Amino acid sequence: MSMRGGLSRSTAALMALPLAALMIAAFVWPLVAFLSVSLFDPGFTLEHYARLFATELYLEVLGETILTALIVTAVTLLLGYPIAWMMAKLRGRWAWIVAACVLIPLWTPVLVRSYAWIIILQRRGVLNTTLASLGIVDQPLTLLYTFGAVVLAMTHVLMPFMILPIQSSLRAIPEELPRAARGLGASHLRVFTSVILPLSLPGVMAGCLMVFIIALGFYITPALVGGPRTLMISTLITQQAFELLNWPFAASISTVLLVLTLGIAIVFRRLLNVDRLSLHA
Amino acid sequence: MMTPHKNQGGDSAALSIRSLVKRYGSVVATDGVSLDVSAGEFMSLLGPSGSGKTTLLMLLAGFEVADGGEIRMRDRDISRVPPNKRDIGMVFQRYALFPHMSVAQNVAFPLRMRGVAKADREARVRAALETVELTGYLDRMPAQLSGGQQQRVALARAIVFEPGILLMDEPLGALDRKLRKHMQVELKELQGRLGATVIYVTHDQEEALAMSDRVAIINAGRIEQLATPRELYDAPASAFVGDFIGEINLFDAKVEELESGGIKLASGFGPLTGTPVPGATFSRGQKVHVGIRPERIAVRAGAASDGWQAGIRQTIFNGSNVTVYATMQDGQELRATVAPNDREASLARGEAISLSAAPRDVFVFPAGAA
C-alpha cells in the first residue's frame, strides 16, 4: 500500500534517519573497511585477487559453492511449491497446522537443526539403526559428511524462505481467475500452467533468489554436516580469517562473494522482469 | 448458436432445468428449481443477496454439482459435466481478466483451450474485439484499461468461442451508475445482434427490467415468479415480487365478500375492492396482504365521500413526480405519486385528502408469505 495522503516525504525521511545512521555506522562502514583491506596491503594492490583467481582449489570451491546453492534452490523449489500451494488453499485449523510446520523450524536456531541432522545421519544415528533393524542394510551407510547430507540439511533449513514468498503470491491470486479459466475451457492442469503458475512467478523468483543467495554464503550447516571434505566458500573465508589470519585474502574472497551475489540478484530481476508480472488488475 | 433447436415439447429451449436441488448441510440453497430458457432469449435471475441466485449460477456453470434434478442444454444432460466441458461462456462480476495476459491473449484463451489453430484464432479474436468495439487494443494489458473496457474484453472472451449460452454474473456491478446505464443498452444490442441466449444474474431490479425478455424472481432458493418485466410489474404473483419489483404499498386486510368482479375487503382505513392473484383461493374472513402501486392511487384534495379519508403527512418532489405520504384513518401510511403540476402536489401538511384505487390495481395476496 502506498503512503499517499499520509506522511510527507521529508517527515518520512526524518523518521528513517535513525535506522539509516545505524546501518551506516554498524554495517556499511565496517563492510567497506573490511573490503578495502583486500585492496590495500598497505599500498594499493590486486595481489590477493590475482592469487584467488590463479589458484585452482579456490576456483573449485567457488564453483562447488555455486553448484550447491543451485541444487539446493532447485530442490527447495520442487518440494516447497506444493507445500506453498497447500498452505494457500487450506483454511481454518489445517492452515494453522501446516503454517506451524513451516514456521517453527524457522524459529529454531540453525545450529540446533544442523545438529539434529548429525544425530539422524551419523554412522550409528537414527536412520542407520532403523535401516539395520529393518534388515535393509547390513553395514551402516556413510550418510554424514557427504555432499548429499549438505544438500539435504541446507534444503531443510532454507525451505521456509522458498515456501513463504510463493505462498503469499499464490494467496494474492483472486479466486475468480482459476474459476474463469475453468469456465472458459481449461482443464485443471491448464488452469495451473496458464494461470496459477505464471501468476505465482514473482513469489517463485523471490523465493529462488532468497534461497540461492543465502545458500551461497551458508556456513554453519555445511561446516557441521559436510565435514572437512565439502568446502564451501564461507568455510574458506573463516579459515583464512581465523586460522591463517590472512585478513586481506579473506576480504578478497568476501568481495568476490558479495559481487557474485549482487550480480545474480540484478540478473534475476532483469531477466524475469518481476514487476511486470505483479498483480494490479 | 442461432439455429433454433426443437425439443420434445416443440418449442426451442436452449436450456432446461428440472427440479434442481442443492443443499449445504441443512440449508437448501436451491429448492427444486425448474426453468426453460429459449434460444436467443435474455433471461435474468433476479433476487436479493442470499436468495440462492448465485448457487443457481454456480450449478449452471458447473462449479457446483446439484444434489438432485437435471440441467439439459440442447437435449444433452450437463448436470455432471465439468465446467470446462460445458458450452457456456461466462462473464464474471469483477471481469476476472488474466492480469498477465494481453487483451488478445485473454480473448484467445478459450480458443487456445479448445485447440483452435493459430491463424483462425487470431481472426476470431479480432472479430470478437470488433464486436465489442475494442479494435486496436490487442496488445494492451488489462491493468491499462478502464473498467468499461475491461468489461468489454471479458465479454469478447465469453463470446469468442460462440458458446450455446452466455452466463453473466452481475457483469455491470463494478461500474459506476452512468457507465452501467450505457453498458446495459450496449449489452442488450449486442445480444440482439448475436442472437445469443443470455442468463443474467443480478440483484438490481431496474437492470433486470430494462434488459430482460423474461425475469425469474428468486427467493429462498425457489423461483417466486417467472414472467416478462411488464407482467412482473402489473401482475406480481406474490407480495414478495410486488415489493421487490418497483414501489408498492403493502398492508393487511380481511376478506369480506367474494364476487365475480373482485374481492371486497375490509382494511383498517376503510373498505376496498381488489383482484386476487392467479392461482390463489380465498375464503370469507381470511386475512390477506394487499398491495397497491403508488402511481395507481388517485389523490384528491378535500374529504370526498367515496374515497379513503386521509391527511397529508409530507410531499416529496422527485423530479418527474411527487410522492404524497398520506396518513390514513388508522394511523398507517400509504404512498401515492402525483404529477408535479397537480394541485395535490402542493398541499400542506395536515390537509385533508381522499385516496382511491381501481379494483384491478389492488393486488390481493395470500397472507403468510413475505
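Where a number appears in this text, it was derived from the coordinates with a stated rule and is not lab data. Computed from a prediction, not measured in an experiment: that's the story for all the values here. Backbone-built Cβ (ideal geometry, glycine too); neighbour counts: all protein chains shown.
Only four residue types carry charge here, +1 at the Cβ of Lys and Arg and -1 at the Cβ of Asp and Glu. Report the dipole size of chain A about the Cα centre in Debye, rounded to the nearest 20. Show your work: numbers first, answer last.
Values: 17 positive and 10 negative charges, 247 e Å.
The dipole of chain A has a size of about 1180 debye.
Filter the trypsin sites (Lys or Arg not before Pro) in segment B:330-370 down to the DSSP loop ones having no more than 14 other Cβ atoms within 10 Å, then list what survives.
Those satisfying the criteria are B:Arg349.
Positive end of the dipole of segment A:68-231, charges at C-beta (+1 Lys, Arg; -1 Asp, Glu), about the Cα centre: which of A:Ala100, A:Thr129, A:Thr73 has its Cα farthest in that direction?
It is A:Ala100.
How many angstrom separate the Cα center of segment A:145-185 from the Cα center of segment B:21-76?
36 Å
Positive end of the charge dipole of the protein assembly as shown (Lys, Arg +1 and Asp, Glu -1 on Cβ, about the Cα centre): tell me which of B:Ala104, B:Val288, B:Gly69 has its Cα farthest that way.
The one lying farthest along the dipole's positive direction is B:Ala104.
Can you tell me, using C-alpha contacts under 8 Å and at least 6 residues apart, the relative contact order of chain B as a whole percent?
Worked out over chain B, it gives 15 percent.
B:Lys53: which lysines have alpha carbons under 19 Å from its alpha carbon, excluding same-chain residues fewer than 8 sequence positions away?
Counting by Cα, and skipping residues close in sequence, B:Lys53 has these lysines nearby: B:Lys22.
Membrane-span-like helices in chain A: DSSP H runs reaching 30 Å or more (Cα, own axis), mean Kyte hydropathy at least -0.5?
Helices meeting the span and hydropathy rule in chain A are A:56-89, A:147-171, A:247-272.
Roughly speaking, what is the centre-to-centre gap between segment A:58-136 and segment B:85-144 when only Cα atoms are used, to the nearest Å?
Comparing the Cα centres of segment A:58-136 and segment B:85-144, I get a distance of 43 Å.
Between the alpha-carbon centers of segment B:167-241 and segment B:248-270, tell me the distance in whole angstrom.
32 Å
Filter the trypsin sites (Lys or Arg not before Pro) in segment B:233-317 to those in DSSP coil with at most 13 other Cβ atoms within 10 Å of their Cβ, and list the result.
B:Arg284
If exposed trypsin sites (Lys or Arg not before Pro) are those in a DSSP loop with at most 14 other Cβ within 10 Å, what is the longest stretch of chain A that has none?
That gives A:125-228 as the longest site-free run.
What are the trypsin sites (Lys or Arg not before Pro) within segment B:79-166 that DSSP puts in a loop, where the Cβ has at most 14 other Cβ atoms within 10 Å?
B:Arg80, B:Arg114
Nothing charged except the Cβ atoms of Lys and Arg (+1) and of Asp and Glu (-1): what's the magnitude of the dipole of the protein assembly as shown about its Cα centre? Round to the nearest 20 debye.
Using Cβ point charges on Lys, Arg, Asp and Glu, the protein assembly as shown gives about 920 debye.
Which of B:Thr323, A:Ala33, A:Ile233 sits farthest toward the positive end of the charge dipole of the protein assembly as shown, with +1 on the Cβ of Lys and Arg and -1 on the Cβ of Asp and Glu?
A:Ile233
About its Cα centre, what dipole magnitude does segment B:259-323 give when the only charges are +1 on Lys and Arg Cβ and -1 on Asp and Glu Cβ, stated in debye to the nearest 20?
The calculation lands at about 140 debye.
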